[in-house]
Amino acid sequence: MSADAQPTPALAAATRAVSLGRPPQEPDAPLSTPLVPAATYVAGGDLEYGRYGNPTWTAFEEVLGSLEGGRALTYSSGMAAATAVLDLVAVGETVVVPVHAYQGVLHQLGERERRGLLRVHTADITDTEAVINAAQDAALVWLESPTNPMLEVADLSAISAGATAAGAQVVVDNTFATPLLQQPLDLGADVVLHSATKYLAGHSDALLGALVTRDDATFTALDEHRRSRGATPGVLESWLAARGVRTLHVRLERAQANATELAARLADHPALSRVHYPGWGAMVAIEVAAGALAADLLTRSTTLWVHATSLGGVESLLERRRRWTAEPQSVPEALIRLSVGIEDVEDLWADLVSALASLPSP
Ligand SMILES: *Cc1c(COP(=O)(O)O)cnc(C)c1O
């Protein structure tokens with residue numbers, strides 16, 4: 001760990017999520033960092049201009065940095081954060097990426113490869129040895145665990161150790177796990193990425209991305225990149241995320257309990273051929289036995305579960321991922337991704353089973 005990285009704080013994550021990123025406790029100070037719309041600042045201070053910094057960004061960055069155990073920078077979206085990481089890879093280098101990863105990342109990597117900017121090596125992240133082998137001549141190993149939408153889990157410690165020994169940087173998209181369930185920097189990763197749009201902000205009302213690192217040189221390079229490229233977060237979005245992250249532990253606990261219960265009940269449902277659930281987290285994927293058309297019908301037959309993309313909000317969503325043409329062909333056509341929310345589990349179950357009962361038999 002470098003000299004000025006934060007040591008692991010003594011307070012529990014739930015306490016830090018609630019108490020960090022607040023103004024100093026002085027008489028009449030507001031409890032929450034205000035929303036500060038500012039394009040510029042009076043000269044002579046640290047901020048100077050709206051593209052370089054904002055107190056509302058800092059409030060959320062302080063909380064997230066502490067939860068992940070590093071220093072955080074926020075961006076206009078998760079994809080803007082991903083773009084920043086990929087922009088720092090030298091031209092002609094190789095990037096190792098999971099076969100199943102967020103499709104926006106796969107798409108951008110493919111586009112960079114076609115433009116001759118870098119080489120892409122896809123790997124099955126459950127095959128630790130294959131990923132480490134691929135890392136031998138790579139500059140960057142991109143990991144997502146659990147993967148979207150197949151929910152495969154990578155051995156982050158072993159892969160990070162192998163990749164680091166080979167001289168490759170490791171970035172982990174921790175959107176699905178959140179820092180409460182997995183802290184990649186402690187497992188050896190160099191950079192953690194979040195689509196804060198999802199669990200961290202948690203209410204499906206803000207787009208925001210983040211990167212967290214312990215390495216000072218990486219932090220400085222990313223900060224300079226953000227200042228110059230300008231993919232800065234919106235001030236309202238930062239404020240919403242700072243408010244949302246206060247309840248992350250409570251929301252995630254309920255959503256995870258709901259997901260565990262639903263995954264167990266769905267496991268032997270006759271209308272399904274497979275249920276994917278890593279045993280933790282609040283994302284579940286199900287495969288409809290009667291095929292893609294029946295899966296589409298399912299997404300139209302629920303009343304409580306909303307048919308929508310995205311995840312990590314308080315409300316439960318479902319979606320057939322292959323409705324997106326960019327989704328990898330190895331994702332089964334009849335796979336439906338469930339983002340389990342914090343509603344009453346019996347209501348969620350009743351809505352799902354009644355929708356499943358309306359499907360044609362396989
Ligand atoms: C949504 C998502 C992203 C992209 O984030 P945006 O905030 O939508 O730009 C990246 N990775 C994962 C795993 C995601 O779910």
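The values are calculated or read from the model by the stated rules, or taken from the named source; none is laboratory data. The model shown is predicted, which means the values in this text are computed figures rather than measured ones. In this analysis, Cβ positions are derived from the backbone assuming ideal geometry, glycine residues included, and neighbour counts consider all displayed protein chains. Only protein heavy atoms, including side chains, enter the accessible area calculation; ligands, DNA and RNA are left aside. Shrake-Rupley method; radii C 1.70, N 1.55, O 1.52, S 1.80 Å.
The residue of the stretch 60-80 that is farthest from the ligand (Cβ to nearest atom), among those that are under 15 Å from the mean Cα position of the chain (by Cα) and part of a loop (DSSP other than H, G, I, E, B), is Ser76.
Would you say Thr83 is open to solvent by 10 Å² or more (accessible area, probe 1.4 Å), of a type in the set (S, T, N, Q), within 16 Å of the ligand (Cβ to nearest atom) and part of a helix (DSSP H, G or I)? When the stated conditions are applied, Thr83 passes them. Scanning the stretch 151-170 for residues that are of a type in the set (A, V, I, L, M) and either out of contact with any helix residue (DSSP H, G or I) (no Cβ under 9 Å at 6 or more places or on another chain) or within 11 Å of the ligand (Cβ to nearest atom) (or both) turns up Leu151, Val153, Leu156. The set of residues in the stretch 171-194 being touching a strand residue (DSSP E or B) at 6+ places or on another chain (Cβ under 6 Å) and within 16 Å of the ligand (Cβ to nearest atom) consists of Val171, Val172, Asp173, Asn174, Thr175, Phe176, Pro184, Ala189, Val191, Val192, Leu193, His194. Restricting the stretch 96-116 to residues that are within 16 Å of the ligand (Cβ to nearest atom) and among the small types (Gly, Ala, Ser), the residue that is surrounded by the most Cβ atoms within 10 Å (Cβ to Cβ) is Ala101.
Residues that are in a loop (DSSP other than H, G, I, E, B), modelled with pLDDT of 95 or more, of a type in the set (S, T, N, Q) and within 28 Å of the chain's Cα centre (by Cα) are absent from the stretch 12-22.
Restricted to the stretch 309-349, and to residues that are open to solvent by 50 Å² or more (accessible area, probe 1.4 Å), out of contact with any helix residue (DSSP H, G or I) (no Cβ under 8 Å at 6 or more places or on another chain) and not hydroxyl-bearing (Ser, Thr, Tyr), which residue is nearest to Thr122 (Cα to Cα)? Going through the qualifying residues, I end up with Gln329. When Glu93 is tested against (1) buried (at least 22 other Cβ atoms within 10 Å of the Cβ); (2) more than 16 Å from the ligand (Cβ to nearest atom), just one condition goes unmet, and that condition is (1).
Identify all residues within the stretch 126-172 that are of a type in the set (D, E, K, R) and assigned to a helix (DSSP H, G or I); write none if there are none. Steps first, answer last, please.
Our first condition is that a residue be of a type in the set (D, E, K, R); within the stretch 126-172, this holds for 127, 129, 137, 144, 152, 155.
Within the stretch 126-172, just Glu129 meets the criteria.
Of everything listed in (1) within 16 Å of the ligand (Cβ to nearest atom); (2) within 24 Å of Ala154 (Cα to Cα), the single unmet condition for Trp57 is (2).
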